[in-house]
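All remarks here apply to the structure that follows.
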Number of protein chains: 2
Amino acid sequence: MQNFSYYNPTRILFGQGQIAAIAGQIPAGAKVLVTYGGGSIKKNGVYDQVKAALKDHPWLEFGGIEPNPRYETLMRAVALVKSEGVDFLLAVGGGSVADGTKFIAAAARFDGAEPWDILAKHAEVKSAVPLGVVLTLPATGSESNTFAVISRESTGDKLAFGSEHCYPQFAVLDPQTTFSLPPRQVANGIVDAFVHTMEQYMTYPAEAPLQDRLAESILKTLIEVGPQTLASPQDYAARASQVWSATLALNGLIACGVPQDWATHMIGHEITAEFGLDHAQTLAVVLPGLWRNRRVEKHAKLLQYAERIWGIHDGSEEERIEKAIVATEAFFESLGVHTHLGLYGVKDAALAPQKIAARLEAHGFTKLGEHGSVMPAVVREILASRL
Amino acid sequence: MQNFSYYNPTRILFGQGQIAAIAGQIPAGAKVLVTYGGGSIKKNGVYDQVKAALKDHPWLEFGGIEPNPRYETLMRAVALVKSEGVDFLLAVGGGSVADGTKFIAAAARFDGAEPWDILAKHAEVKSAVPLGVVLTLPATGSESNTFAVISRESTGDKLAFGSEHCYPQFAVLDPQTTFSLPPRQVANGIVDAFVHTMEQYMTYPAEAPLQDRLAESILKTLIEVGPQTLASPQDYAARASQVWSATLALNGLIACGVPQDWATHMIGHEITAEFGLDHAQTLAVVLPGLWRNRRVEKHAKLLQYAERIWGIHDGSEEERIEKAIVATEAFFESLGVHTHLGLYGVKDAALAPQKIAARLEAHGFTKLGEHGSVMPAVVREILASRL
């Protein structure tokens with residue numbers, strides 16, 4: 001087991017009716033900025049619940065944070081935080097709203113010239129406006145981690161940052177708030193949580209049997225409840241397990257003491273930036289190809305995955321690994337998330353291998369994966385197999 | 001899944017050499033009281049590592065905290081904290097030292113007449129001296145939870161309390177610091193962590209498949225690495241997995257959204273107070289008897305446990321359950337932790353059923369377990385089967 005440091009102070013308020021509890025979590029008298037996305041919270045009752053919970057706090061709102069939240073949009077919120085003297089940020093939405101709000105929190109207190117440097121130059125985040133999250137889309141884990149991914153419209157960049165100052169102080173996870181999500185977003189959330197788990201699991205053995213089993217617990221649960229919750233969106237129990245799985249997939253726990261990959265995510269971010277696919281769609285495209293390409297490096301863990309998750313015991317080692325990859329592709333496809341670029345009707349998909357590899361090079365990401373072996377030539381190979 | 005609130009802000013610093021990191025976790029200039037037990041830390045090098053790490057802090061020490069830490073002893077430390085103006089407590093030891101130090105932290109800031117009321121009358125803990133832990137015995141999980149169990153010599157009581165103010169700010173878990181532990185303490189730690197997990201798992205199905213699997217992950221890992229680490233105390237990987245399993249068994253995570261039992265612990269505390277058995281020894285005695293007695297209530301989970309943990313698929317449901325209970329007893333015995341009172345050479349063991357039930361009644365614990373069905377008559381039945 002590798003040495004590690006683990007710290008996660010986000011208070012999770014999980015279950016039906018928990019939005020009412022937020023008033024007790026925000027300091028009395030604090031001026032709150034409620035941030036949200038496209039306005040679905042005004043249709044599904046969440047906005048009204050938040051409004052009722054904040055009845056004793058002064059508050060204002062900032063809507064319109066996009067999926068793949070944009071720097072340009074977020075900087076308008078930063079100006080509002082400063083001009084209005086906002087003390088607390090309350091993100092109400094999915095991972096994009098949470099990510100965007102973390103950036104607003106950091107940028108509003110940033111003492112450098114240009115907050116974009118937090119993303120582009122890893123400028124240090126020394127403080128942030130305190131924030132909380134009311135989660136309405138189980139997927140990214142952003143509600144209880146330090147990370148955010150932000151896009152810049154003017155340059156087409158999509159970059160990440162993380163800071164302990166950006167840990168949400170609390171996260172409300174009421175599965176009922178997610179019942180009205182479109183199936184595509186639910187399916188994307190399942191794939192996203194699944195691949196988050198994989199980025200921390202599918203590497204090489206690290207004498208960490210507990211961590212392996214914790215990751216496998218999340219994988220098995222997603223495989224079990226994913227189809228259930230997609231078929232029966234109002235099934236509270238299934239959705240609750242999906243929500244909790246997505247949070248635990250990326251709250252730092254399963255990363256403790258083990259190597260991590262993240263090549264699939266890095267390649268996927270560039271595909272979203274270049275071709276506009278949903279984040280989870282890019283992961284479903286890349287992951288199986290990356291596994292086939294890196295099957296020597298990942299041999300032992302792919303075999304373990306085949307056996308423990310899919311119960312595959314027959315055939316040669318190579319056959320078992322291939323069966324597990326095929327099973328994973330079938331799982332994604334069963335959720336309606338396609339695993340090849342061609343199935344998304346992408347224009348000029350044939351150019352993807354060159355374009356995406358070039359984008360990664362331009363961003364300096366030339367040695368991805370747990371061994372640093374996913375270089376531009378490997379990215380081209382992987383994507384050539386996913387057209 | 002039940003509603004829940006989860007909050008655990010303890011920073012885990014895990015691995016070789018991490019004691020050196022504590023200096024950065026304690027405010028500069030804070031006056032530190034280092035608390036410890038019987039002095040083993042002065043023989044195994046841990047004291048010297050702590051001393052080196054604290055070279056820039058003013059600090060003093062308080063040794064002699066007992067296994068089953070005593071109120072009378074701890075109140076002497078409270079007096080020291082007050083007279084010396086201590087700002088930070090650093091517990092160096094196992095669960096007893098951590099528990100005792102949490103009580104010192106709360107009692108030193110208690111504004112009532114008698115700090116014993118925190119235990120006996122559930123008096124509110126409104127603040128506590130900040131504390132950190134350097135763990136040298138993996139067992140109780142106390143290093144990253146709010147709980148403490150304290151004994152009072154004058155009355156023979158053993159009572160628990162918990163407060164968020166008593167969360168350690170950090171916990172150093174260096175597996176190497178545990179290499180010199182006597183085998184009995186290592187074995188006790190494995191059993192303790194195993195039964196902690198069971199108190200949160202072996203109840204009834206609660207539509208919480210992820211939580212079930214997380215608990216099962218800890219159980220399987222303990223069954224796998226427990227015998228390894230007992231046989232090869234210097235095997236870093238095995239000990240590291242034991243340490244991390246013990247922490248995760250009782251840091252709040254696997255309790256999220258599920259019913260809990262804790263009857264075994266409540267009965268066990270009284271056995272320690274009455275007969276002087278080690279805590280883990282009492283758990284190994286009680287748990288199998290409690291399961292047999294409550295096998296109707298726990299039927300579904302006992303079956304699940306039999307299948308998933310021990311791979312028992314053959315026989316009637318009752319036979320499978322009995323096999324799993326026997327396997328659990330055999331596991332404890334294989335570690336050298338006996339599962340019947342008679343094997344501990346206890347004087348007047350035959351009186352245990354009456355005496356322990358009477359003690360529980362005197363403390364008001366007359367409806368234990370996840371259904372409140374473990375009443376004094378049931379306790380007598382359970383213990384009569386464990387003589």
Assume the label is 7 Å from Cα along Cα to beta carbon: what separations in nm does A:G311 have to the matching positions in the other copies? 1.5
Quick one: pull the percentage of alpha-carbon pairs in the stretch A:123-177 with a separation above 15 Å. 56 percent
Can you find, among B:T247, B:V285, A:V285, the residue farthest towards the positive end of the dipole of the protein assembly as shown? Put +1 on the C-beta of Lys and Arg, -1 on that of Asp and Glu. B:T247
Taking springs between alpha-carbon atoms closer than 10 angstrom, which of B:V258, B:V296, B:V243 fluctuates most in the Gaussian network model of chain B? B:V296
Spin-label model distance (nm) - A:A113 vs B:A206, 7 Å beyond Cα toward Cβ: 5.6 nm
State, to one decimal in nm², a quarter of the convex hull surface area for the C-alpha atoms of the stretch B:237-315, i.e. the direction-averaged projected area. 7.2 nm²
Evaluate Rg over Rh across the stretch A:183-384, taking Cα atoms for both radii and Kirkwood's formula for Rh. 0.95
The equivalent-ellipsoid semi-axes of chain B, taken as the square roots of five times the Cα gyration tensor eigenvalues and listed largest first in whole Å, are 34, 24, 19
For chain A, find the longest principal axis of its Cα atoms and tell me its angle to the long axis of helix A:299-310, 0 to 90°, nearest 10. 70 degrees
If you wrap a convex hull around the Cα atoms of the stretch B:318-365, how much volume per residue is inside, in Å³? 118 Å³
Enclosed volume per residue, in Å³, of the convex hull spanned by Cα atoms of the stretch B:233-272: 90 Å³
If you build a Gaussian network model of chain B, linking Cα atoms that sit under 10 Å apart, which residue out of B:E143, B:E270, B:E370 swings the most? B:E370
Rounded to 10°, Cα long-axis angle of helix A:279-293 versus longest principal axis of chain A: 30 degrees
Alpha carbon centroid spacing (whole Å) that separates the stretch B:1-34 from the stretch A:214-255: 29 Å
Using only C-alpha positions, report the orientation-averaged shadow area of the convex hull of the protein assembly as shown, nm², one decimal. 33.0 nm²
Mind giving me the nanometre distance, one decimal, between the label points for A:A327 and B:H122, set 7 Å out from Cα along Cα→Cβ? 4.7 nm
Top mean-square fluctuation among A:N188, A:N251, A:N44, Gaussian network model of chain A, C-alpha springs under 10 Å? A:N44
Which whole-angstrom value gives the distance between the alpha carbon centres of the stretch B:48-74 and the stretch B:324-387? 35 Å
Furthest towards positive pole of dipole, A:T177, A:A231, A:I321, structure part chain A, Cβ charges: A:T177
Mean residue ellipticity at 222 nm from the helices of chain B, using -39,500 (n - 2.57) per DSSP H segment of n ≥ 4 over the full residue count, to the nearest 500 deg cm²/dmol? -14500 deg cm²/dmol
Phi angles of the stretch A:176-187, converted by Karplus (6.51 cos²θ - 1.76 cosθ + 1.60, θ = phi - 60°) into ³J(HN,Hα) in whole Hz with x for Gly and Pro, give 4, 5, 9, 4, 8, 5, x, x, 4, 6, 5, 4
Bins of 5 Å, starting at 0 and running to the largest distance - Cα pair percent for the stretch A:11-177: 2, 10, 21, 24, 22, 13, 6, 3, 0
Calculated P(r) tail over 13 Å for the stretch A:283-328, as whole % of Cα pairs: 47 percent
Which of rounded, prolate, oblate describes the stretch A:151-292, given a ≥ b ≥ c as roots of the alpha-carbon gyration tensor eigenvalues and a/c under 1.5 marking rounded, otherwise prolate only if a/b is larger than b/c? rounded
Take every residue in peptide A:242-252, count the Cβ atoms of other chains within 10 Å of its Cβ, and give the average of those counts. 2
At 7 Å out from Cα toward Cβ: A:Q2 inter-copy label distances (nm, ascending): 3.7
Quick check: convex hull of the Cα atoms in the stretch B:190-270, volume per residue, rounded to a whole Å³? 86 Å³
Chain A: relative contact order in percent, alpha carbon pairs under 8 Å with at least 6 residues between: 15 percent
Calculate the tail of P(r) for the stretch B:159-230: the fraction of all Cα-Cα distances greater than 16 Å, expressed in %. 64 percent
Rounded to the nearest 5, what % of the DSSP beta bridges within the protein assembly as shown are antiparallel ones? 30 percent
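Every number in this text was worked out from the coordinates using simple rules, so none of it is lab data. A quick note: this is a predicted structure, and the numbers were derived from the prediction, not measured. Glycine gets a Cβ as well: all are built from the backbone with ideal geometry, and neighbour counts include every protein chain shown.
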